[in-house]
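Participant: Here it is, the structure, as structure tokens.
The values are calculated or read from the model by the stated rules, or taken from the named source; none is laboratory data. These numbers were taken from a predicted model, which means no experiment stands behind them. Note: ideal-geometry Cβ built from the backbone for every residue, glycine included; neighbour counts use all protein chains shown.
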Amino acid sequence: MKEARQRKRIVVKSEIQMKNLKLYMENQTIIEENEKLRKQAMLLHKENQALLSQLQKKLSEQNNNTNNN
């Protein structure tokens, strides 16, 4: 009886360790993907800021030209 319980504990412990490892690996993949997405979002934000700046400059120039005419 004792040996059977001990074997069962070893099997359960091994199963838990495998599940833990799989979850850890999945978590690492999610962290890596999140980092890629964060970098992509930062680049898109910078691009958006640059485009907005260009638009504001053009609108300002048009406004100045309209006021001068």
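Participant: Go over the candidates Met18, Met42, Met1 one by one and state the one that is exposed (fewer than 10 other Cβ atoms within 10 Å of the Cβ) and of a type in the set (A, V, I, L, M, F, W, C).
Facilitator: Met1
Participant: While we're looking at this one, here's another question. Working carefully through the options Gln17, Gln62, Gln28, find the one that is part of a helix (DSSP H, G or I) and at pLDDT below 95.
Facilitator: So the residue among Gln17, Gln62, Gln28 that is part of a helix (DSSP H, G or I) and at pLDDT below 95 is Gln62.
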